[in-house]
Amino acid sequence: MKPARIAVLFIAVAAAGGSAFIAKGMIGKNDQPREVAAVQIDTVDVLIANANINMGQSLKRNELKWQTWPKDAARSGYITKKAQPDALDKLQGTLANSQILAGEPINKAKLVLSEQSGFMSIVLPKGKRAISIRISPETGAGGFILPNNRVDVLQIRKTRTPSGQDAGIVVSTVLNNVLVRAIDQAWAEKDGKQVLIGKTATLELTPDETETLTLAEAEGKLTLALRSLRDSDPASVDEPKKRRRSATVTMLRYGKKVNSTQN
């Protein structure tokens with residue numbers, strides 16, 4: 001083989017070896033783990049709701065808990081552990097003036113001290129009145145009526161003929177689609193067990209409706225009928241609420257009908 005060809009072959013082998021060495025070095029360098037700087041986020045312990053809290057509900061300790069929260073996302077109204085380390089105990093009995101959902105930070109603006117006067121006047125819209133009526137398990141849908149439910153108010157009263165004889169019992173719907181603002185609950189014994197039963201219901205009414213309800217309560221016994229959520233759309237609140245639908249219960253005396261059902 002000629003010396004020139006041997007020289008060219010030697011140079012080609014050397015170049016191939018050098019390329020392989022460089023490529024191996026680059027691959028090895030890329031395979032090395034890179035150190036990524038951890039992003040440090042400042043956090044703060046924020047008081048949040050551990051369960052859904054309804055408007056007018058009294059806060060309990062097990063309904064609150066501390067939750068780690070990004071400091072930059074903590075608003076000024078939030079309750080922090082650094083500022084109020086004893087908040088879990090001190091906020092017991094405080095009332096919520098609007099609904100607080102589970103996982104939502106507790107905002108001071110949504111709380112009213114239980115002993116603070118004027119709580120109801122705070123949550124009442126302009127032009128509305130709050131009036132309370134006595135209820136029982138029989139007149140309050142068996143205790144299933146809760147704040148923010150909507151109800152119809154029915155009146156039950158006895159009627160008499162011009163001569164003074166019993167003419168039956170009249171049932172009238174005096175108000176419908178009424179918002180229940182609060183229920184005053186107390187422990188009572190039922191079937192040998194202690195149960196929580198409402199004693200009074202506070203309703204949100206207009207001034208005219210307040211007069212209607214007061215008159216109806218003076219004339220007879222009132223009872224509340226719980227409305228379905230599907231039939232309690234607030235958009236329908238503007239429709240007339242006062243309806244005098246009556247039904248007279250037929251009475252029999254000595255086998256003879258005293259009166260018939262009316263509408």
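The values are calculated or read from the model by the stated rules, or taken from the named source; none is laboratory data. The shown structure was predicted, so the numbers you read here are calculated from the model rather than taken from an experiment. When we count neighbours, we look across all protein chains shown, and the Cβ atoms used for this are built from the backbone with ideal geometry, even at glycine.
Would a scan of segment 93-100 turn up a residue that is farther than 22 Å from Asn148 by Cα and without any contact (Cβ under 8 Å) to a residue 40 or more places away in the chain?
No.
Restricting attention to segment 206-236, which residues are at pLDDT 90 or above and over 26 Å from Lys158 (Cα atoms)?
Thr206, Pro207, listed by residue number.
Mind telling me which of the residues Leu179, Leu203 ends up being touching an Asp or Glu at 6+ places or on another chain (Cβ under 8 Å), modelled with pLDDT of 85 or more and within 14 Å of Lys128 (Cβ to Cβ)?
Within the list Leu179, Leu203, the selection yields Leu179.
For segment 68-83, give me the residue count where each residue is without any contact (Cβ under 8 Å) to a residue 12 or more places away in the chain and part of a loop (DSSP other than H, G, I, E, B).
2
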